[in-house]
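The values are calculated or read from the model by the stated rules, or taken from the named source; none is laboratory data. Source: prediction; values computed, not measured. Cβ atoms come from the backbone with ideal geometry, glycine included; neighbour counts cover every protein chain shown. Please note that ligands, DNA and RNA were not included when accessible areas were found on the heavy atoms of the full protein model with its side chains. Shrake-Rupley method; radii C 1.70, N 1.55, O 1.52, S 1.80 Å.
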Amino acid sequence: MTEVNTPEKVEFSPETLKKAQEIIARYPEGRQKSALLPVLHLAQNEWNWLSAPVMDYVAGLLSIQPIEVYEVATFYTMFQIEPVGKYVLEVCRTGPCCLRGAENIIDYLENKLGTKVGGTTTDGLFTLKTVECLAACGFAPVLQVRLKKEDGNYIYYENLTPEKIDNLIATEWV
Amino acid sequence: MGIKILTEHIGKEDLKPIDAYMKYGGYTAVKKALTSMSPDAIVEEVKKSGLRGRGGAGFPTGMKWSFLAKPEGKPRYLVCNADESEPGTFKDRYLMMHSPHTLIEGMIVSSFALGANTSYIYVRGEMMFVIRILEKAIAEAYAKGLLGKNILGSGYNLDLYVHPGGGAYICGEETALLESLEGKRGNPRNKPPFPAVSGLYACPTVVNNVESIAATSWIINNGGDEYAKIGIGKSTGTKLISACGNINNPGVYEIELGLSVEEFLYSDQYCGGIANGKKLKALVAGGSSVPILPANLITKTANGESRLMSYESLSDGGFATGTMLGSGGFIVFDEDQCIVRNTWNFTRFYHHESCGQCSPCREGTGWMEKVLHRIEHGHGHMHDIDLLVDVAKKIEGNTICPLGDAAAWPVGSAIRHFRDEFEWHIKNPSEATRKGAVYRKEAVFA
Amino acid sequence: MENTAPQLFKVTIDNIEVEVAPGTTILQAARQIGSHVAPPAMCYYTSLKGTGGKCRACLVKVTAGSAKDPRPMPKLVPSCITTVQDGMIVENTVNEQVLETRKGVVEFLLINHPLDCPICDQAGECHLQDFAFEHGRGTQRYEEERRTFEREDIGPYIQLHMNRCILCYRCVFTAEQLTNKRVHGVLNRGDHAEISTYISKAIDNDFSGNMIDVCPVGALTDKTFRFKQRVWFTKPVTAHRDCEHEKCSGKVTLWYKGEDVLRVTGRKNEWGEVTEFICNTCRFDKKKTSDWVIEGPAKVSHHSVISANHYEKKAIPEFGFKQAAQQYKQIDDLPVQLPEGEKKPVGIVVRPDSK
Ligand SMILES: Cc1cc2nc3c(=O)[nH]c(=O)nc-3n(C[C@H](O)[C@H](O)[C@H](O)COP(=O)(O)O)c2cc1C
Ligand code: SF4
Ligand code: FES
């Protein structure tokens, strides 16, 4: 799989570290733990998923115990705590989306990618997941993908159709 | 055409740049509030406006503000709830995406009214693109001296930050949100103490929805009395409604409270009627948590009165024949939709989103989901229906936070109004599990 | 003029009046009256700050909020964390809604519980057993598959059986408040939430053993006592020693079988709570009578099955046996033809998770 390796030495790049420090400064003295979610987002963008060494590094950065990071990372669904493909396709499976064909889209993706929900394609390019309501119900069906950008960015792809998906796979998620 | 106070200028041009926003009178409320009003006077105006919380519970905003404790030597916080995760609800996202300064302006005047010098906007992490928009807009506001030290020479200081969530519906519950903002798991707190006394970092805190905060600028500019003239009765002002499901024009609409449900649902200006010429089967009027209504109780109340988009009219008849305005997530079901399947889907959502602290919600949501899954997949028993009703009842009212209620209500209401559909599923498992097969009352009873 | 006596609040619980200091919780006020009106508590623990409010076992009805504002409270309230007001009127055992809700809580706590009492070391001193016995309905309606967790080894002293856990969070508070470095916590969420170290780390520090004592069920048990003996065949004796550890009380209960000390625990009061914690040296390393100054036989809590001596007969609700019959592995792997309605013979109690 691509990008699943955790480097020997886990450390933010100087730019990311600066960003993390800016984030920590948003919270009062002694409340640096508040920065945990935003810093985990930074870490996930840097390493694609949150391995235990990555979480330990974040704990050190915020002067908290590693278990405090594990507790949080496992609570929130956006954090990948197992290796994932380069693109994690997270399709909304909640009621309003289903009223507009989300289940068909999920089936289509399973067939197209040749992997079930929860699985990763053999080339390591895609992990297919389902998520709960993304607040895009009016533009259903919808999926979100994190594109590796400077500080991480999640894009919603809305009003999905099989043709749109074919097109995205061919041209955008490469 | 109803009055618009939050979205009036959206669509005229890109309102994200601060200059564009200011062209339409943006930030006049900050100037007015900080240079000519006392914090108490602002709270008074908001009280007069009758504005009610737009996050779902409808609690009067001015009253909430007046409960804020003001002990010496402790900072106070305003936290904006932009977690927006209730299925069917996508209105806050619309406002923040298209007019981020409307929220920021509201944050400044509200923070000033509450005496907060640091405020946070908690945005669900999935909406990273909204976070980027807000961060950019906040930087512009700092550059214009609308944030930071000594704003507009008033001596008032305010720092405003955006905080991303990590993917958890429960963090929309205000105390879970505060825990999350402190870098913890989103476990709701037992209340009391209420955030107004002990909130963020154990300091007095107000948590308000995006739309509630955004509305305060207009109230400052035009006065609480003017705001109270909009709407109907105790449902003052306008409300953003996010409409979705099987309708012709899904999207976000700002309506004056008191608009009839019929007009909202069928007029081309709003939902534009049921898509594909189908018939209406059911409606969830205020986000997945509120009771579902069958077609015959949607446009008219049980008494035959016209049903209106207002807190009071939607809840007319109590849970027996009414529902709630909730967060304004308007989900429309056409005749081809299966109520059992949707109830299972919604229950799966609550099961998935329960934080797991308290036993009735942790265990009860999973139990209900499994039973509903069985019924939907052709393995139900008649006694399952009463079991579901009883389990829902044992959860409702007995949990730490209202997620338990939110999980119980969809189940209770679906069985209340569509019991025959559940029975049909149980009695006809092979037909019910055939792809595309839906129970139609006419077919069975006509 | 100088009335310095602290003002007390008058509270009525199940028609019995009691005067308590302001700040007292309903639960503590009820305990002052006595065990017949005290609500059950599965997550609250007096000597651990921040516990309570989670399990909902202790919900009661407040029919009058206070003398000043005698309106009833709209919902049942968790008595363990709700403080009393002067003139408050509370209903616990006399209120149908409370009893019915409590039956529901028992049921919720049991639907995913393995009901493996016959092989559980906690059996006999398990609060979930007591709770189910005293407040449950005795029948079960749950027909779905039970949740199970993967096993995690957390070191040589403590055995973790996550399947039995009721997520009271007591052990987390214990680690937070008594040890210098918490290495375990609650991971995941909802009904997948679990007690874990995440990285299968051994939990070892001087006070970790107290997690065993505070655990209301058999989720955390003493590894050095595993399967040694059913607790009701052991004899508890109160003892103490002068422990060099400054935070250790040195006050313990020794659990004897004949001449041998099989287990050392903190002393539990009549509510099953330890108020003076002990260190791991006292708990795990001092298992000779000569290590201790013996005080005498320990008092056993009134409703404990040890004292009542009715473990086999009543303490496992009937459905426990039914459940065992349904779920435990069958000994015959061969497909046998059985007459209509006849159950396959059921074999020895072996769950996949009980090594
Ligand atoms: C499970 C749950 C989820 C909630 N989600 C949201 C949400 O996403 N946004 C929101 O504004 N309020 C949400 N609320 C309501 C908040 O707890 C709180 O009442 C609200 O933010 C207060 O703001 P308001 O008075 O302006 O409505 C939620 C409540 C619960 C119980
Ligand atoms: S009701 Fe559910 S979500 Fe709310 S605190 Fe209890 S377990 Fe958590
Ligand atoms: S249901 Fe899919 S975005 Fe809301």
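Quick one: which helices (runs of 4 or more DSSP H) sit completely within the range B:279-372 and have at least 3 residues that are touching a Phe, Trp or Tyr at 6+ places or on another chain (Cβ under 7 Å) and on the phi < 0 side of the Ramachandran plot? Write out each step before concluding.
Numbers: elements: B:311-314, B:318-321, B:339-353.
Where helices (runs of 4 or more DSSP H) fall fully within the range B:279-372 and carry at least 3 residues being touching a Phe, Trp or Tyr at 6+ places or on another chain (Cβ under 7 Å) and on the phi < 0 side of the Ramachandran plot, they are B:339-353.
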remark   = Scanning the range B:129-156 residue by residue, the ones that are touching a Gly at 6+ places or on another chain (Cβ under 9 Å), open to solvent by 10 Å² or more (accessible area, probe 1.4 Å) and within 14 Å of chain A (Cβ to nearest Cβ) total 1
remark   = Per the filter on the range C:78-106, residues closer than 27 Å to residue C:165 by Cβ, open to solvent by 20 Å² or more (accessible area, probe 1.4 Å) and in contact (Cβ under 8 Å) with a residue 24 or more places away in the chain are C:81, C:82, C:99, C:103
note = Filtering the range B:342-352 for residues that are within 15 Å of ligand 1 (Cβ to nearest atom) and open to solvent by 10 Å² or more (accessible area, probe 1.4 Å) leaves a count of 2
key: Residues of the range A:85-119 classified as aromatic (Phe, Trp, Tyr) and either within 16 Å of ligand 1 (Cβ to nearest atom) or within 19 Å of residue A:146 (Cα to Cα) (or both), total   = 1
ask   = Among the residues of the range C:139-162, is any polar (S, T, N, Q) and at positive phi?
value = no
query = Within the range A:89-114, can you find the residues that are within 12 Å of another protein chain (Cβ to nearest Cβ), outside any loop (DSSP other than H, G, I, E, B) and open to solvent by less than 20 Å² (accessible area, probe 1.4 Å)?
reply = A:90, A:92, A:95, A:96, A:97, A:102
request  = Check the range B:389-404 and report whether any residue there is out of contact with any helix residue (DSSP H, G or I) (no Cβ under 9 Å at 6 or more places or on another chain) and part of a loop (DSSP other than H, G, I, E, B).
outcome  = yes
request  = Quickly run through the range B:406-446 and pick out the residues that are hydroxyl-bearing (Ser, Thr, Tyr) and at pLDDT below 95.
outcome  = B:430, B:433, B:439
ask   = Residues in the range B:202-215: is at least one under 25 Å from residue C:80 (Cβ atoms) and surrounded by fewer than 24 Cβ atoms within 10 Å (Cβ to Cβ)?
value = yes
query = Given the conditions (1) in a strand (DSSP E or B); (2) within 14 Å of chain A (Cβ to nearest Cβ), and given that residue B:208 satisfies all but one, which numbered condition is not satisfied?
reply = (2)
note = Filter the range B:353-391 for residues that are of a type in the set (Gly, Ala, Ser) and within 16 Å of ligand 1 (Cβ to nearest atom); the one that is nearest to residue C:101 (Cα to Cα) is B:364
Residues within the range B:233-248 that are at the interface with another protein chain (Cβ under 9 Å from one of its Cβ atoms) and part of a loop (DSSP other than H, G, I, E, B), tallied = 1
query = Which condition does residue A:146 not pass, out of (1) basic (Lys, Arg); (2) within 21 Å of the chain's Cα centre (by Cα); (3) loosely packed, with under 15 Cβ neighbours inside 10 Å, if it passes all the others?
reply = (3)
message = What's the number of the only condition in (1) farther than 26 Å from residue C:40 by Cα; (2) surrounded by fewer than 17 Cβ atoms within 10 Å (Cβ to Cβ) that residue C:276 fails to meet?
response = (1)
ask   = Can we say residue C:166 is touching a residue at least 24 places away in the same chain (Cβ under 8 Å) and either within 14 Å of chain B (Cβ to nearest Cβ) or crowded, with 24+ Cβ neighbours inside 10 Å (or both)?
value = yes
remark   = Checked pairs for the range A:37-50, first β-branched (Val, Ile, Thr), second crowded, with 24+ Cβ neighbours inside 10 Å, C-beta under 8 Å and 6 or more apart or across chains, list as A:39/A:58
request  = Considering (1) within 14 Å of ligand 2 (Cβ to nearest atom); (2) part of a helix (DSSP H, G or I); (3) of a type in the set (A, V, I, L, M, F, W, C), say which one residue B:411 fails and leave the rest.
outcome  = (1)
task = From (1) farther than 26 Å from residue B:31 by Cβ; (2) touching a Lys or Arg at 6+ places or on another chain (Cβ under 9 Å), pick out the condition that doesn't hold for residue B:129.
result = (2)
request  = Under 7 Å between Cβ atoms, at least 6 apart or on separate chains: pull out the pairs that start in the range A:80-99 with a residue that is polar (S, T, N, Q) and end on any residue that is modelled with pLDDT of 95 or more and within 16 Å of ligand 1 (Cβ to nearest atom).
outcome  = A:94/A:132; A:94/A:133; A:94/B:87; A:94/B:349
ask   = Going by the structure shown, is residue B:72 acidic (Asp, Glu), away from ligand 3 (no atom under 16 Å from the Cβ) and open to solvent by 10 Å² or more (accessible area, probe 1.4 Å)?
value = yes
key: Filter pass, residue B:355 being within 16 Å of ligand 2 (Cβ to nearest atom), open to solvent by 10 Å² or more (accessible area, probe 1.4 Å) and of a type outside the set (S, T, N, Q)   = yes
ask   = Which condition does residue B:127 not pass, out of (1) within 16 Å of ligand 2 (Cβ to nearest atom); (2) of a type outside the set (Phe, Trp, Tyr); (3) closer than 20 Å to residue B:54 by Cβ, if it passes all the others?
value = (1)
The range B:160-174, subset touching a Leu at 6+ places or on another chain (Cβ under 7 Å) and not small (Gly, Ala, Ser), residue nearest to ligand 1 (Cβ to nearest atom) = B:173
task = Looking only at the range B:338-367, count how many residues are of a type outside the set (Lys, Arg) and under 13 Å from residue B:414 (Cα atoms).
result = 9
task = Of the numbered conditions (1) polar (S, T, N, Q); (2) closer than 22 Å to residue C:78 by Cα; (3) open to solvent by 60 Å² or more (accessible area, probe 1.4 Å), residue B:430 fails exactly one; give the number of that condition.
result = (2)
Residue A:118 vs. criteria on the phi > 0 side of the Ramachandran plot and either away from chain B (no Cβ under 11 Å) or part of a loop (DSSP other than H, G, I, E, B) (or both) = yes
